[in-house]
Amino acid sequence: MRCRVCKSNNLKEVINLGKQPLANKYPKNNYEILSEKKYELKVLFCKTCKAGQISKIIDRNLLFKDYYYLSSVNKKLVEHFVTLSKKLTKYDFVVDIGSNDGILLQPLKKLKINSIGIDPSINIGKIANERGLKTFIGFFNKKIIEKILKKYKKPDLVVASSIITHLKDPIEFAKNIKLFLRENGTLIIEIEYLLNFIKNFEYERFYFDRPFYYSANSIDRLFKNYGMSLYDIEKIDIHGGSLRCYIKNSKNFTKTKRCINVLLEEKNNLKLKIFDDFNKKIKALSKNLKNKLINLNKKNKYIIGYGAPARVSTITNVCDINSNLIQYIIDDSPLKQNRFSPGKHISILPKKNNINKRIDIVIVFAFEYFKDIKKNFKDSKVKFYKPIPFKKLL
Ligand SMILES: [Zn+2]
């Protein structure tokens with residue numbers, strides 16, 4: 001197999017998480033539970049461009065046609081995009097790829113910045129359009145570009161936050177951006193950052209929705225190969241530490257100092273041997289979580305989970321945790337409620353009527369939002385834990 005980012009054949013398997021279901025497919029009944037499929041989850045690392053990638057790519061239609069992730073349910077993400085929108089006032093026409101329910105389009109509209117979105121999910125794109133946030137429903141490809149350019153001029157800014165990690169073919173994406181973007185226009189992409197995942201032992205960030213785990217070096221190479229230049233990088237704190245990369249639609253555009261520094265840091269630190277340590281540690285951390293839950297159950301503690309993001313699937317399937325160990329999981333998104341977690345089938349319920357005096361322990365899967373989650377629990381005996389690494393949250 002060749003690297004899907006730089007085409008080299010310098011790939012090496014670095015992580016194997018065993019058989020995993022699709023992390024964003026929440027079965028709603030027995031029929032869906034029985035027809036659930038699992039696939040081997042292996043991550044390969046490219047020694048040439050320093051990108052991580054899952055060996056098996058699942059059909060994108062299967063994953064994204066009906067999707068359960070509503071960005072605007074997530075307060076911190078809403079703030080993130082409000083802040084980003086304020087940096088974009090100098091642009092004349094903005095296209096947001098993977099615009100979801102309009103989480104960036106909404107603040108752009110408020111600032112009177114001309115903008116439209118593209119999103120493949122029919123149910124979510126419809127929500128955005130109903131809110132008056134113009135969204136083209138479909139994948140970002142030549143067909144949709146042609147459709148848009150019939151009605152609109154070329155954008156001088158394209159934003160793709162947390163998108164290119166989810167694509168099947170990053171090279172096609174780069175070529176399409178080249179086609180779509182105005183000469184000297186800017187592409188802003190936000191990527192979940194491979195080096196952070198590895199440094200923080202966050203194996204739960206790997207799942208089939210995201211076949212790619214980029215480094216700055218892999219982004220640099222990808223866009224350079226198609227006549228564009230990565231020129232600036234900001235470190236941002238969403239999705240476990242991400243990079244915001246600025247790419248200019250022109251060749252050899254001068255790089256900022258901070259951009260050069262990130263590229264250099266990776267050259268020194270993101271090497272094959274970093275994964276040895278990672279693999280040892282994640283085995284130990286997974287075992288520890290399961291043991292802790294077994295012991296707490298023996299002490300008759302009533303344990304629930306809070307938040308059912310995709311990582312619930314990776315964690316519960318790697319650690320083999322089911323509803324014998326966690327009674328149910330509360331999630332605030334109506335699209336996930338009254339369904340089951342992928343693979344281990346723990347019930348997902350709304351908070352209404354499900355926060356009660358029996359609860360002793362809450363495993364906070366959506367730990368980024370702990371402050372908000374904690375407010376739902378008035379009872380002072382309740383203890384909160386982050387799952388990986390298993391740690392008390394205060
Ligand atoms: Zn590569």
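The values are calculated or read from the model by the stated rules, or taken from the named source; none is laboratory data. Small disclaimer: the values here were computed from a predicted structure and weren't measured. All Cβ positions, even for glycine, are placed from backbone atoms using ideal geometry, and neighbour counts span all protein chains on display.
At a glance:
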quantity	calculated
Test: GLU234 is more than 15 Å from the chain's Cα centre (by Cα), without any contact (Cβ under 8 Å) to a residue 40 or more places away in the chain, away from the ligand (no atom under 16 Å from the Cβ) and part of a strand (DSSP E or B)	yes
Any hit, segment 95-105, residues being in a helix (DSSP H, G or I) and either among the aliphatic types (A, V, I, L, M) or surrounded by 17 or more Cβ atoms within 10 Å (Cβ to Cβ) (or both)	yes
The one condition in (1) part of a helix (DSSP H, G or I); (2) of a type in the set (Ser, Thr, Tyr); (3) at pLDDT below 95 that SER218 fails to fulfil	(3)
Residue list for segment 129-165, filter: assigned to a helix (DSSP H, G or I) and out of contact with any helix residue (DSSP H, G or I) (no Cβ under 7 Å at 6 or more places or on another chain)	ASN129, GLU130, LYS143, ILE144, GLU146, LYS147, ILE148, LEU149, LYS150, LYS151
Residue list for segment 4-23, restricted to those being touching a Pro at 6+ places or on another chain (Cβ under 9 Å) and away from the ligand (no atom under 16 Å from the Cβ)	GLN20, PRO21, LEU22, ALA23
Residue within segment 234-254 that is at pLDDT below 95 and more than 21 Å from LEU84 (Cα to Cα) present	yes
Whichever residue in segment 29-45 is outside any helix (DSSP H, G or I) and under 16 Å from VAL312 (Cβ atoms) and, among such residues, is farthest from the ligand (Cβ to nearest atom)	GLU36
Matching residues in segment 33-52 - criterion: being of a type in the set (A, V, I, L, M, F, W, C) and under 30 Å from ASP220 (Cα atoms)	LEU41, VAL43, LEU44, PHE45, CYS46, CYS49, ALA51
